[in-house]
Amino acid sequence: MSVVRRKTMQRDVVLQVLTEAGRPLSPQEIFQAAKAEVPSLGIATVYRNIKTLLENGTLQPVELPGVAQRYEIAGKHHHHHFHCNNCGRVYEIEGCSMKEEHHLNLPANFEVEDHVVVLYGRCADCVQSSRGEAAAPLDT
């Protein structure tokens, strides 16, 4: 028997935050942004809603080596991620240059079934601030 979950304002805000961010967010980033909309929101409520949204297929986890798990809206086209070593934000990188197996220089008779690419560096805001330019405000 499937459990019917009612729609809640808190869940709507969690989804809104993820949609507007346009990038994978950690539970803490979701909490900070959602708290601006719902000041009484607690971190446990954020985790409960993430769990529900994962179970119903609305969200998917983004796992990167060495960093806290993040979440993004499910159902997007294949893409990769960029992790800023300075501020810790994770961004989506659209497209994939690894779709053509002949470009990968694979050994004979190898077949690629899946892949994950994570790029590491500094995001535009962090590059600007290191040059002494005015950086855009953090949107965590």
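The values are calculated or read from the model by the stated rules, or taken from the named source; none is laboratory data. The model shown is predicted, which means the values in this text are computed figures rather than measured ones. Positions of Cβ are generated from backbone atoms using ideal geometry, with glycine treated the same way; all protein chains shown enter the neighbour counts. Surface accessibility is based on the protein's heavy atoms, side chains included, excluding ligands, DNA and RNA. Shrake-Rupley method; radii C 1.70, N 1.55, O 1.52, S 1.80 Å.
Residue count for region 29-48 satisfying the condition of being part of a helix (DSSP H, G or I) and without any contact (Cβ under 8 Å) to a residue 60 or more places away in the chain: 12. Would you confirm, using the coordinates I've provided, whether V67 is touching a Lys or Arg at 6+ places or on another chain (Cβ under 7 Å) and closer than 22 Å to G121 by Cβ? Considered against the rule, which asks whether it is touching a Lys or Arg at 6+ places or on another chain (Cβ under 7 Å) and closer than 22 Å to G121 by Cβ, V67 comes out as no.
Exactly one residue out of A44, A36, A68, A74 is exposed (fewer than 14 other Cβ atoms within 10 Å of the Cβ) and touching a strand residue (DSSP E or B) at 6+ places or on another chain (Cβ under 6 Å), and it is A74. For region 22-33, a tally of residues being open to solvent by less than 10 Å² (accessible area, probe 1.4 Å) and either over 17 Å from L59 (Cβ atoms) or of a type in the set (A, V, I, L, M, F, W, C) (or both) returns 2.
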